[in-house]
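Contents: one structure, followed by commentary.
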Amino acid sequence: MDSIEYWTQDMSVSWDELCPPLKALEARVSLIVSNYALHWIDDKSQLVAVMHRLLTEQGGLIVARFQIMPHLNAFLTDTQMTEYNTRGKTFSTEQHMNIWRTICEGLGLEAKLLVIRDAKWFPFIR
């Protein structure tokens, strides 16, 4: 389709650091799709702020699938958390969801659907 364009951009950067063609789309994007990528970006507030700035003022949509990383701290002692530098870096599923919900609400975005599914690994070869 002529109306679909695909862009590759490091979304961990600030608005001012985005490539000029992407910044030219400010308030013109109706749909942003991400498949298992957004959770890798540390500064999620900045990420969502950039995506929000790209969306149309009439109301755009962000569709994203996230991988919820395991809550490793639940299995480690205080000594191990310090040794492996994981303190404050791994969260429960509920904490992950609250992080995204809080960020969205802080920017005036509405999280319409948050679905949690148990992760299961299925072999592709039978």
Exercise. Within the stretch 69-84, is even one residue under 15 Å from the mean Cα position of the chain (by Cα) and among the charged types (D, E, K, R)?
Worked result: no
Exercise. Before we move on, is ARG28 among the charged types (D, E, K, R), over 13 Å from the mean Cα position of the chain (by Cα), surrounded by 15 or more Cβ atoms within 10 Å (Cβ to Cβ) and modelled with pLDDT of 85 or more?
Worked result: no
Exercise. Looking at the stretch 85-110, which of its residues are among the charged types (D, E, K, R) and in a helix (DSSP H, G or I)?
Worked result: GLU94, ARG101, GLU105
Problem set entry | Hits in the stretch 66-81 (condition: modelled with pLDDT under 85 and either touching a Leu at 6+ places or on another chain (Cβ under 9 Å) or polar (S, T, N, Q) (or both)) | PHE66, GLN67, ASN73, MET81
Problem set entry | Where a residue in the stretch 1-27 is closer than 18 Å to ASP43 by Cα and touching a residue at least 40 places away in the same chain (Cβ under 8 Å) and its partner, wherever it lies, is surrounded by 14 or more Cβ atoms within 10 Å (Cβ to Cβ) and of a type outside the set (A, V, I, L, M), with Cβ under 9 Å and at least six apart | MET11/SER34; MET11/GLN46
Exercise. Counting only residues that are among the aliphatic types (A, V, I, L, M) and at pLDDT below 90, which one in the stretch 1-25 is surrounded by the most Cβ atoms within 10 Å (Cβ to Cβ)?
Worked result: MET11
Problem set entry | Matching residues, the stretch 88-102, being β-branched (Val, Ile, Thr), within 17 Å of GLN67 (Cβ to Cβ) and at pLDDT 85 or above | ILE99
For this session: Select from the stretch 66-84 the residues that are in a loop (DSSP other than H, G, I, E, B) and either touching a helix residue (DSSP H, G or I) at 6+ places or on another chain (Cβ under 6 Å) or touching a residue at least 60 places away in the same chain (Cβ under 8 Å) (or both) and list them in ascending order.
Result: PHE66, GLN67, ILE68
For this session: Any residue in the stretch 85-97 that's under 8 Å from ASN73 (Cβ atoms): show its pairings with residues that are of a type in the set (Asp, Glu) and part of a helix (DSSP H, G or I) at Cβ separation under 9 Å, as long as the two are six or more apart or on different chains.
Result: ARG87/ASP78
Seminar exercise, completed: Flagged in the stretch 45-65 as surrounded by fewer than 17 Cβ atoms within 10 Å (Cβ to Cβ), touching a helix residue (DSSP H, G or I) at 6+ places or on another chain (Cβ under 9 Å) and at pLDDT below 90, in numbering order, are ALA64, ARG65
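The values are calculated or read from the model by the stated rules, or taken from the named source; none is laboratory data. Since the model is a prediction, treat every value here as computed from it, not as a measurement. As a convention, Cβ positions derive from the backbone with ideal geometry for all residues, glycine included, and neighbour counts pool all protein chains shown.
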